[in-house]
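Quick notes on the structure that follows.
The values are calculated or read from the model by the stated rules, or taken from the named source; none is laboratory data. All of these numbers come straight from a predicted model, not from anything done at the bench. All Cβ positions, glycine included, derive from the backbone under ideal geometry; neighbour counts span all protein chains shown. Quick note on the areas: whole protein, heavy atoms, side chains included, nothing else; ligands and nucleic acids left out. Shrake-Rupley method; radii C 1.70, N 1.55, O 1.52, S 1.80 Å.
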Amino acid sequence: MSDPRMTSSIFTRGAVDLSALRAPAPTPTSTPAQAGPPAGAPGGAVGGVTVIDVTEATFQSEVLERSLNTPVVIDFWAEWCEPCKQLSPVLERLAVEGGGAWVLAKIDVDANPRLAQMFRVQGIPMVYAVVGGQPVDAFSGVVPEAQLKQWIQAVLKAGGVALAEPADPRLDEADDALMA
C-alpha cells in the first residue's frame, strides 16, 4: 500500500496546507492539561479523549493529518436534526470510553457545506471513518449502540489499533465456577 501522504486524493484536491498555523508542540515539561486547548475553546479533551469541532479551515490538520496516526470518525450533523441529537451523544460517550484510540470530529453541515458536499452527504446524521488520510467506511442514520460499537471496532482494526477483547461476564462466572 502506498503512503497516503504522498498520493493524491479527491478529498485533498485543492486543499491548502495550514499545518504551519498549528500551535507548537508542548514541551516535555508541560502537563497534559497544559497541552490541550484553552478552556472554552471549540472541541477539546473530554476525559482524555479528543472530541473536536472541525471547519473547512481546520479539516486538513484536524482530520486528514491526524488520521495518519489515529483513526478519525467524522460526525456530520446540524442543530435542527433530531436524529443527530440521538447519535452525537452516543458517539461522544463512546469516544470517551475509547480512551484515545480514536478521535471524534464533529462537522456542522450548515456551517461547512463544502465539506458535506466533498463527502457527498445526502442526509444526516452521516458518519465517516478516516484512516491514513482516506475514508474507509461510512453509514447514514441512527444505528443501535451495539452495532455502532462493532463498527468502531472494525474501524480501529482497519487503522491498525490493537484492541483488547471485551470481557464476557458469562465467561468470568463460568471460570469462577470451575475454579471453585
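Of the listed peptides 102-109, 59-66, what is their order by residue-averaged count of other C-beta atoms within 10 Å, with the highest listed first? Mind dumping the intermediate values first?
Details: 102-109: 23.0, 59-66: 20.0.
Most protected by this proxy first, the peptides run 102-109, 59-66.
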(message) In region 94-134, whose amide N lies under 13 Å from the spot 7 Å out along Cα-to-Cβ of Ala158? List them in ranges.
(response) 127-134
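For region 101-180, what % of the accessible area comes from carbon and sulfur atoms, probe 1.4 Å?
The C+S portion of the solvent-accessible surface of region 101-180 is 54 percent.
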(request) Evaluate the distance, in nm, between pseudo-label points positioned 7 Å from the Cα of Thr55 and of Gln117 along their respective Cα→Cβ axes. (result) 1.8
(message) 7 Å from Cα along Cα→Cβ at both Asp175 and Ala146: what's the point-to-point distance in nm?
(response) 2.3
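For region 56-180, go through all pairs of different Cα atoms, get the mean of 1/r, take its inverse, and jot down that Kirkwood value in Å.
Numbers: mean 1/r = 0.0640 Å⁻¹.
About 15.6 Å, per the Kirkwood formula over Cα pairs.
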